[in-house]
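Report on the following structure.
The values are calculated or read from the model by the stated rules, or taken from the named source; none is laboratory data. Note that the structure is predicted; figures quoted are calculated from it, not measured. Cβ sites come from the backbone with ideal geometry, for glycine too, and all protein chains shown count toward neighbours.
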Amino acid sequence: MAAENVNGATRTHPPVLEVRGLKIGLPANADRATAVRDVNFKVGAGEILCLVGESGSGKSVIAQSVMGLLPNALPVQKGQILLQGEDITHAPLSRLRELRATRMSMIFQEPMTALNPVMTCGDQIDEVLREHSPMSAEQRREKVLSIINEVLLPDPERMVASYPHQLSGGQRQRIMIAMALVLDPVLLIADEPTTALDVTTQAQILKLVLDLQAGHGTGVLFITHDFGVVAEIAQRVAVLRLGDMVEIGDKEQVLRRPQHAYTRMLMGSVPTLRTEERPQSASNAAVVLKVDSLAKTYKDKSWFGKTRIVHAAKEVNLEIRRGQTLGIVGESGSGKSTVARCIVRLVDPTSGSIKLGSDEIATIKTRALRPLRQRMQIIFQDPYRSLNPRMNVGQAMMEGPMNYGLSRDAARKKALELLGLVRMDASAMDRYPHQFSGGQRQRICIARALMMEPELLVADEAVSALDVSVQAQVLKLFEEIRERLQIAMLFITHDLRVASQVCDLLAVMSKGEVVEYGPAHQIFTNPQHEYTQALFAAAPGKHYSFGA
Amino acid sequence: MNTSAIKPKASASDLQSAVEDFEALSVEAATVVPQASAWQRVKANTGVRIAGIVMIFLLSIALLAPWLGTVDPSLFDPASRDLLPMQKGEITTLDGEWLPHQFYMGSDSFGRDIYSRVIYGTRVSLIVGAATALVALAFGIVLGLVAGFVRPLDGVLMRIMDGLMAIPAILIAIALVAMWRGSLLTVIIAIAIPEIPRVTRLVRSLVLTIREEPYVEAAISLGTPTWLVMLRHILPNCVAPLVVQGTFICAAGILTEAILSFLGVGLPPDIPTWGNVMAEGRAQFNQYPHNIFFPGIFLAVTVLAINILGDGLRDTLDPKMAKRG
């Protein structure tokens, strides 16, 4: 299955990492017998191999097995892991400790939790040197400063003295990279190092990894779920599905001529950056939502000291007509979720006007708001927390309409109908949320929102937590719903590809303000504002078109 | 990066069919793990099993007390004073009859049967423990929901609770019993009151966390009235930690009752409780240690069993609070 593709240039280096026939077990109560099985690959010096797969494919388990970080519940049952020819599969802890940081090192997804919050960044890098090198304090300090320089952090003296919480996410990841590379290891394992970062920061970090790797000749095992990132960074690509390596080969070959059906399905699921105008933009339909100079300010009052004021959103103007989808895109902290939550009145706006049809809801009292609530519904990001674990699907779906006086029987009938619409089996009614996968739960959430027959559907990062193949299905479902029910949709996302798939109109937000607003296809073909341009430029893998 | 070579699009229909193959390839469908239900997990826990057996044993002792070779625990006989365990003697019934009786745990200085008093004391202790936990939970849940949901009341309510927690629990209990005179009801209430702030704090913190959960926000969007949101969405998700907290209150309640009775400010001496038996044995501890030894063993085993039960429940029901293993 996972035959090594021997072709040309990459084969001239001796491999820094070779994994042969690796098989790692799972605990008895898991969904399958092995975490990974029969995995074979090599990483040559100066080579970047991307491990791609959806959640549960076993890609992180492979990384942990190389570093010797596997929990006891996941034993290596078969196979060999060779680091520069040395078999480290069952190496004793003392040997692994010698190898870590000096010959192989790892960076993680969440730099905030990977760094020690009570040590300065300088001390943390210094610790690596103290443990693994005979350098004097003076030499160590010089080395720390030089590596901080090398990862392009500004003001190294200040960085050395900073604690992790004083830095931004991107800066923290740079510190992690500095720590990993300070002793010039031959192998760097990067486990989703940019997943928690904003797209513009991600682009910078990817570039940094590429530059450093090329400079030091480090072999990199890069783990990601994002084909965009693969396109940016990989030299070779290995695709994992449920613990099996279904395909491995050079990037161009895998991305442009995928062999395995699963790889094709995955790549077909990645939304394309669509720039043509969508056909059914109804520009004369009734206005469902009109937002005028909406603002939300958070005041951080403390007993002593001065009040801190945060403008989460200011001067936001939006308009959505029936059958239209308005996308709000922006990075974390841009205020896009605040706007969504103000519109469905989960938070009270500070000022401005929100008109649902002809009803003003920005200032309305809670009691008067209740009858209006059924006209707007929201779907959240995390499908695992969006359903009450103690209520079965039927109860969850029937709750809303029954709040507004629909009889149990009628509500049940309607719930069954809508389960059909979101392609779920009627038997789901009596089951509890934990019996469903993330994608299925998100379908249930959509069905629950549709039970209310809303005029406005707000989707707050509703597909961001889903694996790419599931995301494609849910996006298709949104599209279908909009066509069939002619709902107005507000679609909040950080993912430009997703936005380009579903949105007629686009609002780009940055630091609480809408910096660009207009028809989506216009913004995608010709972004005006420099922030929008930067955002588009940072989108990974824009030179490849994946989707169908 | 090579920008010139745009992907020679594998024909559109090709990719489309690949997408439609989804069901066959879907990782999602394959990865839903049927989870063991909470009850199954609880049953599988060794601590819960052992402690459960002990508790069932104690409960049956309490229920079956009259049939376990006991006599009325208030009966005494001057001729049978200070007997050692397993000695035979006699006891005077209320009708003035003399009955021969085996004193399994000896007798006290009034000639009462310690075995009977300890067995009947199990009833009192279990009632006090369970009732204390229920009273403290009931008040704590109501106050905690109010504090977590009615924000203006939160500050006032929690400062009162802080004040209550600043006074040692045993002192509050002594003061309350002294005010009301000792009876089963007053002792239960006196022990429960100092526990209420702890439950209130727990419920409040749970409410504050759970009310931020998307499913609660979804319920609000669905127009569910606030009181229903509390009862239907928030309270059921507090149950696990509350059950755990309840067991600890139960154990603490049993201990506190014993302490109060031992100090002579608990239940009246004629009611057989472990604390009372120990209090009466105190003066003669050097000669007749069994007066304190046997009720002490029962007390220790009961409290230990309940605490182990609570630990087991915490590990299985409340994984967030579970000890790292």
Out of (1) under 27 Å from the mean Cα position of the chain (by Cα); (2) over 19 Å from A:V288 (Cα atoms), the one A:D460 does not meet is (2)
By residue number, the members of segment B:89-129 that are closer than 14 Å to B:G69 by Cβ and assigned to a helix (DSSP H, G or I) are B:I114, B:Y115, B:S116, B:R117, B:V118, B:I119, B:Y120
Among helices (runs of 4 or more DSSP H) entirely within segment A:1-114, at least 3 residues that are modelled with pLDDT under 90 and under 23 Å from A:P193 (Cα atoms) occur in A:111-114
Task: So A:L273, is it more than 23 Å from A:V209 (Cα to Cα), within 12 Å of chain B (Cβ to nearest Cβ) and at pLDDT below 90 - done: no
Apart from one, (1) touching a residue at least 12 places away in the same chain (Cβ under 8 Å); (2) more than 17 Å from A:N40 (Cα to Cα) all hold for A:E252; the odd one out is (1)
When A:P389 is run through (1) surrounded by fewer than 16 Cβ atoms within 10 Å (Cβ to Cβ); (2) facing another protein chain (nearest Cβ under 9 Å); (3) part of a helix (DSSP H, G or I), the failure sits at (3)
Flagged in segment A:327-345 as touching a residue at least 60 places away in the same chain (Cβ under 8 Å), surrounded by fewer than 24 Cβ atoms within 10 Å (Cβ to Cβ) and of a type in the set (D, E, K, R), in numbering order, are A:E331, A:R341
Wholly inside segment A:278-384, strands (runs of 3 or more DSSP E) that include 3 or more residues that are hydrophobic (A, V, I, L, M, F, W, C) are A:287-300, A:308-321, A:325-329, A:376-379
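Please tell me if A:R443 is basic (K, R), part of a helix (DSSP H, G or I) and touching a helix residue (DSSP H, G or I) at 6+ places or on another chain (Cβ under 6 Å).
In short, no.
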Among the residues of segment A:485-492, is there at least one that is of a type in the set (G, A, S), more than 14 Å from chain B (Cβ to nearest Cβ) and buried (at least 23 other Cβ atoms within 10 Å of the Cβ)?
yes
Of the residues in segment A:498-533, those that are surrounded by fewer than 16 Cβ atoms within 10 Å (Cβ to Cβ) and either in a helix (DSSP H, G or I) or polar (S, T, N, Q) (or both) come to A:Q522, A:T525, A:N526, A:Q528, A:E530, A:Q533
| said: Here is a check on your reading of the model: is A:H225 within 14 Å of chain B (Cβ to nearest Cβ), closer than 30 Å to A:L96 by Cα and surrounded by fewer than 24 Cβ atoms within 10 Å (Cβ to Cβ)? | reply: yes
Filter segment A:362-373 for residues that are modelled with pLDDT under 90 and touching a helix residue (DSSP H, G or I) at 6+ places or on another chain (Cβ under 8 Å); the one that is farthest from the other protein chains (Cβ to nearest Cβ) is A:A362
Picking from B:A65, B:A10, B:A38, the residue that is more than 8 Å from chain A (Cβ to nearest Cβ) and at pLDDT below 80 would be B:A38
Going through segment A:451-478 in order, the residues found to be acidic (D, E) and either at the interface with chain B (Cβ under 9 Å from one of its Cβ atoms) or assigned to a strand (DSSP E or B) (or both) are A:D460, A:D467
Pairing a residue in segment B:87-98 that is surrounded by 14 or more Cβ atoms within 10 Å (Cβ to Cβ) with any residue that is β-branched (V, I, T), where Cβ atoms lie under 9 Å and the two sit 6 or more apart in sequence or on different chains, gives B:I91/B:V71
Subset of segment A:396-422, residues crowded, with 20+ Cβ neighbours inside 10 Å, outside any helix (DSSP H, G or I) and within 14 Å of chain B (Cβ to nearest Cβ), comes to none
Selection over segment A:248-265 where residues are touching a Ser or Thr at 6+ places or on another chain (Cβ under 9 Å) and more than 9 Å from every other protein chain (Cβ to nearest Cβ) yields a count of 2
Scanning segment A:276-306 for residues that are modelled with pLDDT of 75 or more and either of a type in the set (F, W, Y) or farther than 23 Å from A:L485 by Cα (or both), the one surrounded by the most Cβ atoms within 10 Å (Cβ to Cβ) turns out to be A:L294
Only one of (1) in a helix (DSSP H, G or I); (2) of a type in the set (D, E, K, R); (3) touching a residue at least 60 places away in the same chain (Cβ under 8 Å) does not apply to B:D270, and that is (1)
Filter segment B:260-297 for residues that are surrounded by fewer than 20 Cβ atoms within 10 Å (Cβ to Cβ) and within 22 Å of the chain's Cα centre (by Cα); the one that is farthest from B:M55 (Cα to Cα) is B:G296
The residue from A:Q324, A:Q377 that alone is at the interface with chain B (Cβ under 10 Å from one of its Cβ atoms) and touching a residue at least 60 places away in the same chain (Cβ under 8 Å) is A:Q377
In segment A:115-163, residues that are of a type outside the set (V, I, T), closer than 24 Å to A:R97 by Cα and within 31 Å of the chain's Cα centre (by Cα) total 8
Here the residues within segment B:66-80 that are surrounded by 18 or more Cβ atoms within 10 Å (Cβ to Cβ) and within 20 Å of B:L299 (Cα to Cα) are B:T70, B:P73
